[in-house]
Amino acid sequence: MINSTIEKIQNKIQNSKAISDDNKSEFLNLVSELKSEISSLSDNNSEQAESIANYANSSTHEAIKINQNKDLLDNSLNGLNVAVAEFETTHPKLTKVVNSISVMLSNLGI
């Protein structure tokens, strides 16, 4: 489930006409880091990892739409931040990657 969600995110980024090539490259690197960090989580954290992946997918979808809805983007980014909050102390690398993705999505200004 999580790997397929991350693959969907990667495909959306690669096929987006709303993101510059430089931003695509940076974004894809962050998503690769996200995949690595999520795959290292124990089974005990799988539901929380799925939440993070799903919010990342939703945020990506909202950020790269041509006809963007700011409220939906803000809601999905907020959900992403909330989903990650409990990982801040136990999974600092994951938190850093997800925060970087969240900031990048916010700053795309699409």
Quiz prompt | Given (1) in a helix (DSSP H, G or I); (2) surrounded by 15 or more Cβ atoms within 10 Å (Cβ to Cβ); (3) not polar (S, T, N, Q), number of the condition ILE19 does not satisfy | solution = (1)
Exercise. Go through segment 55-88 and give me each residue that's farther than 16 Å from ASN45 by Cα and aliphatic (A, V, I, L, M).
Key: ALA56, ALA63, ILE64, ILE66, LEU72, LEU73, LEU77
Quiz item: Can you tell me which residues in segment 61-110 are touching a Lys or Arg at 6+ places or on another chain (Cβ under 7 Å) and crowded, with 19+ Cβ neighbours inside 10 Å?
Solution: ILE64
Practice problem: Would you point out the residue of segment 34-60, among those that are among the charged types (D, E, K, R), farther than 15 Å from GLU7 by Cβ and surrounded by fewer than 18 Cβ atoms within 10 Å (Cβ to Cβ), that is modelled with the lowest pLDDT? | Solution: ASP43
Exercise. Please tell me if ILE9 is among the aliphatic types (A, V, I, L, M), assigned to a helix (DSSP H, G or I) and touching a His at 6+ places or on another chain (Cβ under 9 Å).
Key: yes
Quiz item: Can you tell me which of LEU41, LEU34, LEU30 is under 16 Å from HIS91 (Cβ atoms), part of a loop (DSSP other than H, G, I, E, B) and in contact (Cβ under 8 Å) with a residue 40 or more places away in the chain?
Solution: LEU41
Quiz item: Given the conditions (1) in a helix (DSSP H, G or I); (2) out of contact with any helix residue (DSSP H, G or I) (no Cβ under 8 Å at 6 or more places or on another chain); (3) under 22 Å from ASN107 (Cβ atoms), and given that GLU47 satisfies all but one, which numbered condition is not satisfied?
Solution: (3)
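The values are calculated or read from the model by the stated rules, or taken from the named source; none is laboratory data. Quick caveat: nothing in here was measured; it's all calculated off a predicted structure. Every residue, glycine among them, receives a Cβ derived from its backbone with ideal geometry; neighbour counts consider all protein chains shown.
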